[in-house]
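Some notes on the structure that comes next.
The values are calculated or read from the model by the stated rules, or taken from the named source; none is laboratory data. What you see is a predicted model; the values in this text were computed from it and never measured. Cβ coordinates were reconstructed from backbone atoms using ideal geometry, including for glycine residues, and neighbour counts include every protein chain displayed. Keep in mind that these areas ignore ligands, DNA and RNA; they rest on the heavy atoms of the full protein, side chains included. Shrake-Rupley method; radii C 1.70, N 1.55, O 1.52, S 1.80 Å.
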Amino acid sequence: MAVKKILMLVGDYVEDYEAMVPFQMLTMLGYTVDAVCPGKKAGETVRTAIHDFEGDQTYSEKPGHNFALTATFDEVKPEDYAGLVIPGGRAPEYLRLNERLLDMVRHFFETNKPVASICHGQQILVAAGVLEGRLCTAYPAVKPDCLRAGAKWGEVNETFSNAWVDGNLVTAAAWPGHPEWMRKFAELLGARIEI
């Protein structure tokens, strides 16, 4: 039987929709999603932030929710998971400083397991050194980081609703891309969605 567990890397001020919505969507498909944060245990929470696009030069930020962690970071083993989800927000900026977290990310690329990363989550991919020659997108402010890491840039459409796939990696720019991003991730996982 296929592994039905997904690992999700979150931290304080993760983007609310980019953690909660994929968590719920993947759970709806029958996956167990282990949301973990370095330095925290199952049952503890991370604070989220809601980022919105309101016509300013960049996104706005508002307080989000407390998002409950479902597993303990120090206890998870990446080999136990079928795929990896990396939400954006402000959390990736400091999560990328954790070497064990970066090793976990590298495991998914070394074993060619599906990885879904969105928005500023690609900062973690840059730090892990896994974007060389890969097609990806991200929140536009992260484009220079991705290009410097050797990635090929996938343009973001006007509504931020598109996603790009390159091998085991599916990326999107922001939460308006959830439908395409999660659909493509589900396809990489081999999940079937039928009506």
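Using a cut-off of under 12 Å, list every residue of the range 66-108 whose amide N is near the label point 7 Å from the Cα of Glu44 along the Cα-to-beta-carbon line. Within reach of a label on Glu44, which here means backbone N under 12 Å from a point 7 Å along Cα→Cβ, the range 66-108 contributes 69-75.
Every helix of 4 or more DSSP H residues in the chain counts as -39500 (n - 2.57), and over all residues that averages to -8000 deg cm²/dmol at 222 nm.
Quick check on packing: order 98-107, 58-67 by the mean number of other C-beta atoms within 10 Å, highest mean leading.
Details: 98-107: 17.3, 58-67: 13.5.
Final packing ranking: 98-107, 58-67.
Whenever you get a sec, compute what percent of the accessible area on the range 77-181 sits on carbon and sulfur atoms (1.4 Å probe). The C+S portion of the solvent-accessible surface of the range 77-181 is 52 percent. Length gained on full extension, Ala141 to Thr72: 21.7 nm, using 0.36 nm per residue less the C-alpha separation. In the full protein context, the chain carries 47 Å² of accessible surface per residue, based on a 1.4 Å probe and ignoring ligands, DNA and RNA.
Each listed q (0.19 Å⁻¹) maps to a log10 I(q)/I(0) for the range 25-135, found by the Debye formula over equal Cα scatterers with no solvent: -1.13. The count of lysine pairs in the chain whose Cα atoms are under 14 Å apart, excluding pairs fewer than 8 places apart on the same chain, comes to 6. Taking label points 7 Å from Cα along the Cα-to-Cβ direction, Asp103 and Lys4 give a separation of 3.1 nm.
Kirkwood hydrodynamic radius, the chain, all distinct C-alpha pairs: what's the number in Å? Write out the running numbers ahead of the final one.
Numbers: mean 1/r = 0.0613 Å⁻¹.
After inverting the pairwise mean of 1/r, the radius is 16.3 Å.
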